[in-house]
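A short reminder: the numbers here are calculations on the coordinates, not readings from a lab. Small disclaimer: the values here were computed from a predicted structure and weren't measured. Heads up, the Cβs are rebuilt from the backbone with ideal geometry, glycines too, and the neighbour counts pull from every protein chain shown.
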Amino acid sequence: MSRGYFITGTDTEIGKTHIASALVRALVRQGNTVVGMKPIASGDVGHSRDAEQLIAASNMDANYGDINPYLFPEPVSPHLAARQAGASIKLSVISDCYRRLAQRADVVIVEGVGGWLAPLSDSLSVQALAQELDLPVILVVGMRLGCLNHALLSEQAIRHSGLELVGWVANGIDPDMLCLEQNIATLESRIAAPLLATVAYGDAAPAFALEQLS
């Protein structure tokens, strides 16, 4: 039976694609058939760069339209990008794409867009997408000044959504961050989910504690 995980982050540009792709590769090395999915992307034309990274990490061929059903050219919030393109994001379309991928894969890694409450329309958010797919959540924390508040608010929102937070990743995005280890320790003491990986700035092949994933 296929399983899946929803990757969200404390913000945009904090390394969700890097972590999602690395997680795909780690699961492939375990002998799984794994495919990455980027349901919504903006800022590219033709193919999403994020989706292409996930495809490169995956070991299952799939229709590009299932991996990335919504792509908008403007590098803005998804609800604005969709509006400017004269389109609307439908969760049922994404859900159908996910089911087709899950029928063939052991694991599907779904990368969200922006942060947990990033709007997808006037009434929908990334949270609604994760709830539609009903997947356990992995939170990527971009380790920089201010990340403690962002991480703890994100954790609270995920738990209030009714979904399970199965783990988090400390992703080093600021090579000059002060008190990095102390900040990670602070989050470990406050987030009621396991730390799956601590990723140093520029680390292309992080190690995950996959045995912690439920």
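Of the residues making up the range 24-42, none is in contact with a strand residue (DSSP E or B) (Cβ under 9 Å, 6 or more places away or on another chain), buried (at least 19 other Cβ atoms within 10 Å of the Cβ), farther than 20 Å from Q103 by Cα and of a type in the set (K, R). Of all residues in the range 106-124, those being among the polar types (S, T, N, Q) and either buried (at least 21 other Cβ atoms within 10 Å of the Cβ) or closer than 28 Å to N32 by Cβ (or both) number 0. Scanning the range 175-189 for residues that are without any contact (Cβ under 8 Å) to a residue 40 or more places away in the chain and either exposed (fewer than 15 other Cβ atoms within 10 Å of the Cβ) or hydrophobic (A, V, I, L, M, F, W, C) (or both) yields P175, D176, M177, L178, C179, L180, E181, Q182, A185, E188, S189.
The residues in the range 148-165 that are closer than 27 Å to E74 by Cβ and crowded, with 21+ Cβ neighbours inside 10 Å can be counted, and the count is 1. Every test in (1) in contact (Cβ under 8 Å) with a residue 60 or more places away in the chain; (2) closer than 30 Å to E188 by Cβ; (3) surrounded by fewer than 22 Cβ atoms within 10 Å (Cβ to Cβ) is passed by Q103 save one, and that test is (2). Every listed requirement among (1) surrounded by fewer than 23 Cβ atoms within 10 Å (Cβ to Cβ); (2) under 22 Å from I40 (Cβ atoms); (3) not aromatic (F, W, Y) is met by L145 save one, (2). The numbered conditions (1) over 23 Å from L163 (Cβ atoms); (2) in contact with a Ser or Thr (Cβ under 6 Å, 6 or more places away or on another chain); (3) in contact (Cβ under 8 Å) with a residue 40 or more places away in the chain are all true for H79 except (1).
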